[in-house]
Amino acid sequence: MSKKAAVAKNSEEKIYEVGYHILSSVSEENVPKEVEKIKAYLAKEKAVIISEETPKLRPLAYSIKKAFGGSYKVFDKAYFGFIKFELGIDGDIINIDLGMRNNESILRYIVIKTVRENTMYSPKITVFSDKEAKIKTTFKEDKIVKAEKTATIEEIDKSIDALVSEEV
Amino acid sequence: MKQCFFSQNNIKYVDYKDVELLKKFLNPHARMQGKKKTNVKARSQRQLSEAIKRARYMALLPFVAR
């Protein structure tokens, strides 16, 4: 590695994120213990945690099989969680990766480089607001139509009354 | 002309965990849409494809669907 590249690497922020699936066979009470194990790998490398999400049981998009001493087990659900953290100059991401790989109760994991800011965009809110807006507008249209209809009925009644009074 | 979704919503980083967002750019067979269809700027399209592939690996999104 050239000197320039080394300087650039040091000056850059080393922000990573670990996403993981904990086996669904782990009972819900023991899930925090597994999270503590993962945090221990981070603590060894002196990582500073920026944000995290506690693992929640969720269905997988496809079934994943994992080998247990010569036989496979198939999983359709897993506890998904993630931890975002910052590594110092002496921290090495490879050791964290190795720790995750050797952990028996982790079904699958991913280590990615990311940014400090919150990267989640919540489309649900905008989608709902759009729908609400549409519903409101359609309601208004209905009301207008109904109002017109009632007005016409009243007009007819009035005209009938007028006709009757004229006849009398 | 349709504008880039990510520029409009000021999204600078496409996250693989944001499944609801990623699903917008998949067809019913769970395949990625091309840049002509998504109308997303080149940089975002690259980020999007990376995010979708990560989400697939983590079983948040399917590789194939009916």
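Would you confirm, using the coordinates I've provided, whether residue A:50 is among the β-branched types (Val, Ile, Thr) and part of a strand (DSSP E or B)?
Yes, satisfied.
Please determine, by comparing only the residues of the range A:38-73 that are among the hydrophobic types (A, V, I, L, M, F, W, C) and within 12 Å of another protein chain (Cβ to nearest Cβ), which one is farthest from residue A:109 (Cα to Cα).
Result: A:61.
Identify, from the list A:29, A:117, the residue that is in a helix (DSSP H, G or I) and among the charged types (D, E, K, R).
A:29
Have a look at A:35, A:26 and point out the one that is more than 14 Å from chain B (Cβ to nearest Cβ), over 29 Å from residue B:13 (Cα atoms) and in contact (Cβ under 8 Å) with a residue 24 or more places away in the chain.
Just one listed residue meets the conditions, A:26.
State all residues of the range A:82-123 that are surrounded by 13 or more Cβ atoms within 10 Å (Cβ to Cβ), within 21 Å of residue B:57 (Cα to Cα), of a type outside the set (A, V, I, L, M) and within 12 Å of another protein chain (Cβ to nearest Cβ); if no residue qualifies, say none.
Answer for the range A:82-123, where residues must be surrounded by 13 or more Cβ atoms within 10 Å (Cβ to Cβ), within 21 Å of residue B:57 (Cα to Cα), of a type outside the set (A, V, I, L, M) and within 12 Å of another protein chain (Cβ to nearest Cβ): A:82, A:84, A:108, A:109, A:114, A:119, A:121.
Bear in mind that the values in this text are calculations on the coordinates, not laboratory data. Predicted, not measured: the structure shown is a model, and the values here were computed from it. For neighbour counting, all protein chains shown are included, and Cβ atoms are generated from backbone atoms with ideal geometry for every residue, glycine included.
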